[in-house]
Amino acid sequence: MPKVRRLFVCRQCGASQARWLGKCPDCNTWDSLEETSFDPSTEKDPHKSLTLAWQDLADPGASEGAGAQQTRLADASTAGVAKPLADILRDGAGAAPIERIPTGIRELDRTLGISLAPDGTPLTGGLVPGSAVLVGGEPGIGKSTLLLQAAFAWANQGTKVLYVSSEESAEQVGVRAKRVGGGQSAIVRKSDSAKVKGAAPEPSPLSHSGTLAPSHSSSLLYLLHDTNLARIVEQVRKVQPRILVIDSVQMIYRADVSAAPGSVTQLRRCCTELVYLAKTAGIAVVLVGHVTKDGTLAGPRLLEHLVDTVLSFEGDRSHSHRVVRAIKNRFGSTLEIGLFEMGGSGLREVAEGGVVGALANQDTPRPGCVLVPIMTGTRCLIVEVQALTATGFLGAAKRKCSGLDANRLAMLIAVLEQHAGLRLADRDIFASSVGGIKVLDPASDLALLLAIAGAHYRKALPPRAAAMGEVGLSGEVRPIPNLEQRVREAVRLGCKTIVIPNAHDPRDLPADATKAQGVEVVRVRTVDDAIGVLG
């Protein structure tokens, strides 16, 4: 029999080393190598157990989607046959839009990706059948709440969902279900088979309590509390769901792997087989992953390489705002974000196009506060940029920012000193973006520059004013993309003064928006022209 070898695998990048080292030579991370064992016999057919488990499928008419899954498994034997690209294109592959399973939660569907018609018209968004999605975020940020709300939404649309909870008991999930289940009371029925000692727990549908009749969502949403991968796959085979949610993958383990749950070996094997399950049976698998104290997903980078989509759930637990951002997406753009607000009944979508509090208190001039329309994918958000200057020490002045690029802030300070004559070498400068949005759009340069200059001179823009433009090192204000969409969104949300680069053609502006009553468009060519707008 092949000899079992000992290897040391990096938790950060997944690289393997023959002996333990203090620092990983591939990613230069200290104390990240973890001992594991490698059995060459497992590489002969790592998915054999899953393939055998799926050969005993139910009848095609037993449940929704079983016929499609049976067909996919029947064609699995020919999946490895190479075909010319011309034949694939001749069969119509790529002509039709990608099939998706929408949740009805616009912010989440937008982040997962939107299918486009052949003419470029946006269609519905959501999960792609057969895909694997990894959702990461800090503990207590709301990952489980978001996915349980999404599971309710999928079930309400007639999609069978299996929610596997590996960290919480059925009663704990039931308490959350009462809170987020559309305002109705929901409990988890215990299965009789779970009372038998040693028996695998059966998934139980979430159903309403009291005299309420079970809704359509409760009959299609199943709950399973288990951590063994083999038992989970068996329940998936019986329930035949279209969507499988696992919260979280760090607690799932294989009994034949001699490693603790959450280790590199268990994560690699379990995640690989779950992705293979998604591709083989056409089930959309959603995995919840933990993050380290550095903010990166726990486990090796292999975990991110295996899945199709990686979503990052960001926010501060002391604030109510949450942001869902796509780090990787094979079926959509990585520039899209979803905005939510945490409340007593779960997560609530933020109004389209605006950030809570961005336009509040804009009727009175405030030095150091400027509004800017930024682009995140296909949507435009109005964000307030704030700056503050204070007395510092020459040679030890502080430059701090939150939600902005620190390198960009240093560059704009140098431009103000060189081309606008501001003395900032002995001034502490603090800048931030309101609403918890990370501003990376170069069009926010002009707004940040005006905020710093306004805080320094104690001057402010006119009430309800927005500024947009990219600032060059020579002091000129450069044109920006999507000007028409930015101006239209700023006017729609109530802005009365719009500061734009002079280099733009007048035809780039929306005539119906700029000719509205009380809207003034100010064109600036250089940094000096922009500072002159400050009153």
Exercise. Return yes when residue 162 is at pLDDT 90 or above and out of contact with any Gly (no Cβ under 6 Å at 6 or more places or on another chain) and no when it is not.
Key: yes
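Of all residues in region 490-523 being of a type in the set (D, E, K, R) and over 33 Å from the mean Cα position of the chain (by Cα), which is nearest to residue 469 (Cα to Cα)? Walk me through it before giving the result.
So the first thing to find is which residues in region 490-523 are of a type in the set (D, E, K, R), and the list is 492, 496, 505, 507-508, 512, 515, 520, 523.
Narrowing further to those that are over 33 Å from the mean Cα position of the chain (by Cα): 496, 505, 507, 512, 515, 520, 523.
Values: 496: 17, 505: 14, 507: 17, 512: 21, 515: 21, 520: 16, 523: 10 Å.
Across region 490-523, the extreme among qualifying residues is 523.
Among 455, 431, 466, which is in contact with a Pro (Cβ under 7 Å, 6 or more places away or on another chain), aliphatic (A, V, I, L, M), crowded, with 23+ Cβ neighbours inside 10 Å and farther than 25 Å from residue 488 by Cα? Please lay out each step first, then the result.
Details: 431 fails: in contact with a Pro (Cβ under 7 Å, 6 or more places away or on another chain); 466 fails: farther than 25 Å from residue 488 by Cα.
So the residue among 455, 431, 466 that is in contact with a Pro (Cβ under 7 Å, 6 or more places away or on another chain), aliphatic (A, V, I, L, M), crowded, with 23+ Cβ neighbours inside 10 Å and farther than 25 Å from residue 488 by Cα is 455.
Please go through region 414-440 and pick out each residue that is among the β-branched types (Val, Ile, Thr) and in contact with a helix residue (DSSP H, G or I) (Cβ under 7 Å, 6 or more places away or on another chain).
415, 429
For every residue, the table says whether it meets (1) at pLDDT below 85; (2) farther than 30 Å from residue 458 by Cα; (3) touching a helix residue (DSSP H, G or I) at 6+ places or on another chain (Cβ under 6 Å).
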{"residue": "326", "(1), (2), (3)": "no, yes, yes"}
{"residue": "356", "(1), (2), (3)": "yes, no, no"}
{"residue": "362", "(1), (2), (3)": "yes, no, no"}
{"residue": "373", "(1), (2), (3)": "no, no, yes"}
Exercise. Restrict the check to region 202-222 and report whether at least one residue is within 29 Å of the chain's Cα centre (by Cα), within 15 Å of residue 286 (Cα to Cα) and either modelled with pLDDT under 50 or not in a loop (DSSP other than H, G, I, E, B) (or both).
Key: yes
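Which is touching a residue at least 40 places away in the same chain (Cβ under 8 Å), out of contact with any helix residue (DSSP H, G or I) (no Cβ under 8 Å at 6 or more places or on another chain) and either part of a helix (DSSP H, G or I) or buried (at least 21 other Cβ atoms within 10 Å of the Cβ) (or both), of 447, 443?
Working: 443 fails: out of contact with any helix residue (DSSP H, G or I) (no Cβ under 8 Å at 6 or more places or on another chain).
When all the criteria are applied, what remains is 447.
If you scan region 513-535, which residues turn out to be closer than 28 Å to residue 422 by Cα and basic (Lys, Arg)?
First, pick out the residues of region 513-535 that are closer than 28 Å to residue 422 by Cα: 520-535.
Matches in region 513-535: 523, 525.
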Quiz item: Could you give every pair whose Cβ atoms fall below 6 Å, whose first residue belongs to region 365-380 and is closer than 14 Å to residue 498 by Cβ, and whose second residue is of a type in the set (D, E, K, R), counting only separations of at least 6 or pairs across chains?
Solution: 371/384; 373/486; 373/489; 380/486; 380/489
Quiz prompt | Candidate set from region 83-101 (those that are under 22 Å from residue 282 (Cβ atoms) and small (Gly, Ala, Ser)); member that is modelled with the highest pLDDT | solution = 96
Quiz item: Do we have any residue at all in region 521-531 that's of a type in the set (Gly, Ala, Ser), over 24 Å from residue 335 (Cβ atoms) and in contact with a strand residue (DSSP E or B) (Cβ under 9 Å, 6 or more places away or on another chain)?
Solution: yes
Exercise. Could you please find all residues in region 329-338 being modelled with pLDDT under 90 and part of a strand (DSSP E or B)?
Key: 337, 338
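Tally time: how many residues in region 445-488 are among the polar types (S, T, N, Q) and at pLDDT 95 or above?
0
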Quiz item: Quick one: in region 378-410, which of the residues that are polar (S, T, N, Q) and under 18 Å from residue 442 (Cβ atoms) is nearest to the chain's Cα centre (by Cα)?
Solution: 378
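What residue, of 130, 104, is at pLDDT 85 or above, touching a helix residue (DSSP H, G or I) at 6+ places or on another chain (Cβ under 8 Å), on the phi > 0 side of the Ramachandran plot and outside any strand (DSSP E or B)?
Working: 104 fails: at pLDDT 85 or above.
On inspection, the qualifying residue turns out to be 130.
The values are calculated or read from the model by the stated rules, or taken from the named source; none is laboratory data. In this text the structure is predicted, and so the values were computed from the model without any measurement. Here the Cβ is made from the backbone with ideal geometry for all residues, glycine too, and neighbour counts use every protein chain on show.
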